[in-house]
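The values are calculated or read from the model by the stated rules, or taken from the named source; none is laboratory data. As the structure is a prediction and not an experimental result, all values here were calculated from the model. Note that we place each Cβ from the backbone using ideal geometry, even for glycine, and neighbour counts take in every protein chain shown.
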Amino acid sequence: MTQPKLLDQYRERLRIKHYSLRTEQAYLHWVRRFIYFHSKRHPAGLGGPEVERFLSHLATEGRVSASTQNQALAALLFLYREVLGKELPWMDGVVRAKRPAVAALLYATGMRLLEGLRLRVKDVDFERREITVRDGKGGRDRRTMLPERLIEPLRSHLARVKVLHERDLAEGFGDVYLPFALSRKYPRAGRSWAWQYVFPSGSRSNDPLDGTVRRHHLDEKVVQRAVLEAARKAGLAKPVSPHILRHSFATHLLESGYDIRTVQELLGHKDVSTTMVYTHVLNKGGRGVKSPFD
């Protein structure tokens, strides 16, 4: 029996994994470009160095956006892992396209800074287009939306994070902090992919409580500095912090006509009076109501 062609195998594997048609088309596009970039050599004979050169070329010569470069990387990781059965080494030599901060997700979902940084892989549901925020202010869980525009960038980002986690595991690490003493009840859960942080730190560190080497989430100061720098470049002469993104999320939803109870639920406010404060910044009158005379 004739072996199916590489791209046919790739397409079939994507469909088995239930990737969308749009993602299938995009991933196939990047695999073809990768093959042509290397003079039509079969990917089985290529590896990490060749992937590095291709991705760096996209950033330096093609000047692609960060999300585009991440999508190309995700497509190639899928090719090697799922079709060719090979793991690519961690590619430290890749020239990265500039990436927007986690700030995009904060504005898109209304999460507080630490809620976003503490987000776990298991709480991102691509199928339902929603994010579960665990142990928010007041100790409550809630759900918020996962915007369509963030689906592919977040998939690509997680593909890179998974490579990092697999490298940690291969080096004898890969553990992550578990809340509520879950590590005693489920001692292996901390090394599972599902419990990893969506935005991990760039380095491992010792837990000051028990000395275990873990990879914590990204430091909030990284995001705070990025937001301050963006405000400076925008010429804003007022105090700015990542929390302004949550304020903007709420205000813009109300401006778009969503009811106050919906916004309250998305923000996780216990009392609607807390959410009502946003009606005073809509510049539509003291009660946020437009007069029928207008």
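Below are the figures for this structure:
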| quantity | calculated |
| --- | --- |
| Selection from segment 1-31 of residues that are surrounded by 13 or more Cβ atoms within 10 Å (Cβ to Cβ) and basic (Lys, Arg) | 11, 13 |
| Residue 284, sole failed condition from (1) in contact with a helix residue (DSSP H, G or I) (Cβ under 9 Å, 6 or more places away or on another chain); (2) loosely packed, with under 13 Cβ neighbours inside 10 Å; (3) of a type in the set (Lys, Arg); (4) modelled with pLDDT under 90 | (2) |
| Selection status of residue 12, out of contact with any strand residue (DSSP E or B) (no Cβ under 8 Å at 6 or more places or on another chain), part of a helix (DSSP H, G or I), acidic (Asp, Glu) and touching a residue at least 12 places away in the same chain (Cβ under 8 Å) | no |
| Residue in segment 119-142 that is farthest from residue 177 (Cα to Cα), counting only those that are in a strand (DSSP E or B) and among the charged types (D, E, K, R) | 130 |
| Cβ pairs under 6 Å, 6+ apart, first in segment 142-166 and closer than 23 Å to residue 263 by Cβ, second of a type outside the set (A, V, I, L, M, F, W, C) and in a helix (DSSP H, G or I) | 144/109 |
| Index of the failed condition, residue 183 passing every other in (1) at pLDDT 90 or above; (2) more than 13 Å from residue 122 (Cα to Cα); (3) hydroxyl-bearing (Ser, Thr, Tyr) | (1) |
| From 82, 24, residue being closer than 21 Å to residue 152 by Cβ, in contact (Cβ under 8 Å) with a residue 60 or more places away in the chain, within 22 Å of the chain's Cα centre (by Cα) and part of a helix (DSSP H, G or I) | 82 |
| Where residue 156 falls short, out of the listed (1) closer than 24 Å to residue 23 by Cβ; (2) in a loop (DSSP other than H, G, I, E, B); (3) at pLDDT below 90 | (2) |
| So residue 261, is it modelled with pLDDT of 90 or more, exposed (fewer than 14 other Cβ atoms within 10 Å of the Cβ) and not aliphatic (A, V, I, L, M) | yes |
